[in-house]
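All remarks here apply to the structure that follows.
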Amino acid sequence: MTAGHATPTEPAPPVVEVLSATKTFADGTKALAPVDLSIRDGEFLTLIGPSGCGKSTLLKLVANLIEPTDGRLVWWRGGFDQVGEAGKKLAFVFQDATLMPWSRIEANVRLPLDLAGVPKSVSAPKVADALKRVGLDGFGDRYPRQLSGGMRMRVSIARALVTDPNLLLMDEPFGALDEFTRNKLDADLLALWWERKLTSVFVTHSIYEAVFLSTRVAVMAARPGRIFKVMEIDEPMPRDESFRESARFADLCRQLSAWLADASLPQRSSAMDPDA
Amino acid sequence: MKPLIESDRFVRVGAPLLIGALLLGVWEYACRHWAVPVYLFPKPSDIYGSLAKDWYPLLGALYVTMKVTFQAFFFAVLLGTLIAFMFVQSRFIEISFFPYAVLLQVTPIVAIAPLIIILVKNTQVALTVCATLVALFPMISNTTIGLRSVDQGLQNLFRMNKANRTATLLRLRIPSALPYFFAGLRISSGLALIGAVVAEFVAGTGGRSSGLAYEILQAGFQLDIPRMFAALLLIAVAGILMFVLMAGLSKLALGGWHESEITAET
């Protein structure tokens, strides 16, 4: 809840800047009111909010999967076209694992490299390394259907890591998993993030997940989608399971929960959110 | 090791065979019991006798019919797939041409076969054209649906990785379409045979055919009913073999990953 960084020295340049971006869909739905957001280098930013608050839309804007209706975005101080030239890479992890069912795990993870024309001799060790990082050593020759939901999500993350991205975007990646698997994957994801200092933006419904993972949480409100409040979580890294059981964790969750309740107050009530 | 009677494979093959044998037995017995004349309804043993006696001309006729069937099937798959690719390339092409594909499908082949047989001099070619027309539509519609039913998430993934058209086609669209394509193959192979036989019937009445349908017609004229049944049996067996062949191909191609070809692992 404390504001600002632990060491407020010279700030690194922002990775992505969202400048008064709005999004109105073709059917007239206002998904995002003007949003201003700056994604800092090396942070783990989580977007949380009730259904329909535009958190996925905001993430897709950052990924350039959709374009803003108004306003603009800046990637590493440039346009999206210059991302590749600047040697920067984005990776996106979808809500579902979105694996190709006809390809073995290895080939699924290798896909981004294949599409970039990387020869197999170069990509093979990278694939093996990515699989090892997500704890799926030795599963390379399986088909996706032979893996559990949690393992498929791990494959999806391995596929995102294999390109050595500079920005990792995750859209409720563990939403469909059971609590136990989700906690395990959260812990592993955090370890990966810490190891690489990989700037990450994460979308979730879960307050616990947000508090456990993030260095910063943006609470969003719905109709129209906007950023309501931002919480800095300066709990030191690396965090482990003991953080989950600490009084501080409970405090942060309570605070975030209260904000989420406020976020859904002024406009039409949205009591649909199971976590709020 | 489970007892033989409980093993899945034994039941799958054994049970239908048992039913078949039982039915044949009842058929044979009933015909003998009521002394049904052979020109009204032959016994299984009569049919077998006819098959044993006339196997040479019957197999010759089978060869003629199967040649038409396979040629028609080949062209249906080739044309159907090409047309499906065209449909997927542009919505405009699909909207403009799809009604005509449907028209082709709903026009009874018996009605247009005489016309085609008159127009096309070579009987073999005329028959192939008829059978192709019958078998074409399932290939077009199935492959089109298949090429369109690409997972939205995977499509986004390919776009994010700046995949070009060729890569998207080869790595995403075609694999996604395969299950639909193979379902189309199964329907189309059966229809090719039916189309070939129907066309032969039409051509046969004009005395310009030598396939199994012609055999059936001739046997009918000569009241050689066992031979008629024998020819019918060959058509049925050929149809089943085509189906089994297509099912095998499908399993070969999709067995590793697609739900339809996976046996439960419990």
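Within the stretch B:171-181, the presence of at least one residue that is open to solvent by less than 30 Å² (accessible area, probe 1.4 Å) and over 26 Å from the mean Cα position of the chain (by Cα) is confirmed.
Among the residues making up the stretch A:227-276, those that are modelled with pLDDT under 80 and of a type in the set (Ser, Thr, Tyr) are A:Ser264, A:Ser269, A:Ser270.
Could we say that A:Glu106 is within 14 Å of another protein chain (Cβ to nearest Cβ), modelled with pLDDT of 90 or more and over 15 Å from B:Asn161 (Cα atoms) here? Yes.
If the condition is being within 11 Å of chain B (Cβ to nearest Cβ) and in contact with a helix residue (DSSP H, G or I) (Cβ under 6 Å, 6 or more places away or on another chain), then the stretch A:145-161 contributes only A:Arg159.
For the stretch A:119-128, the count of residues that are at pLDDT 90 or above, within 12 Å of chain B (Cβ to nearest Cβ) and not in a loop (DSSP other than H, G, I, E, B) is zero. The criterion of at least 3 residues that are more than 14 Å from chain A (Cβ to nearest Cβ) is met, among helices (runs of 4 or more DSSP H) falling completely within the stretch B:103-176, by B:109-119, B:123-148. For the stretch A:208-241, filtering for residues that are open to solvent by 10 Å² or more (accessible area, probe 1.4 Å) and under 27 Å from A:Leu161 (Cα atoms) leaves 12.
In summary, A:Asp114 fulfils each of the numbered conditions (1) more than 9 Å from chain B (Cβ to nearest Cβ); (2) closer than 23 Å to B:Gln155 by Cβ with the single exception of condition (1). Of the residues making up the stretch A:49-72, those that are farther than 12 Å from A:Leu32 by Cβ and away from chain B (no Cβ under 14 Å) are A:Pro50, A:Ser51, A:Arg72. Which is under 21 Å from B:Ala167 (Cα atoms), in contact (Cβ under 8 Å) with a residue 12 or more places away in the chain and in the same structural domain as A:Ser206 (by TED's automatic domain parsing), of A:Leu65, A:Leu111, A:Leu47, A:Leu61? Going through A:Leu65, A:Leu111, A:Leu47, A:Leu61 in turn, the sole match is A:Leu65. Summed over the stretch A:130-187, residues that are open to solvent by 40 Å² or more (accessible area, probe 1.4 Å), among the acidic types (Asp, Glu) and part of a helix (DSSP H, G or I) total 1. For the condition open to solvent by 40 Å² or more (accessible area, probe 1.4 Å), among the aliphatic types (A, V, I, L, M), under 30 Å from A:Phe139 (Cα atoms) and assigned to a helix (DSSP H, G or I), A:Ala191 qualifies.
Please find, within the stretch A:23-48, the residue that is least open to solvent (accessible area, probe 1.4 Å) out of those that are under 21 Å from A:Thr199 (Cβ atoms) and among the acidic types (Asp, Glu). Only one residue fits best here, namely A:Glu43. Answer yes if at least one residue in the stretch B:54-63 is assigned to a helix (DSSP H, G or I), among the acidic types (Asp, Glu), in contact (Cβ under 8 Å) with a residue 12 or more places away in the chain and more than 30 Å from B:Thr144 (Cβ to Cβ), and no otherwise. Taking every residue of the stretch B:54-63 in turn, none turns out to be assigned to a helix (DSSP H, G or I), among the acidic types (Asp, Glu), in contact (Cβ under 8 Å) with a residue 12 or more places away in the chain and more than 30 Å from B:Thr144 (Cβ to Cβ).
The values are calculated or read from the model by the stated rules, or taken from the named source; none is laboratory data. From a predicted model like this one, the values you see are computed outputs, not experimental measurements. All Cβ positions, glycine included, derive from the backbone under ideal geometry; neighbour counts span all protein chains shown. Heavy atoms of the whole protein, side chains included, go into the accessibility calculation; ligands, DNA and RNA do not. Shrake-Rupley method; radii C 1.70, N 1.55, O 1.52, S 1.80 Å.
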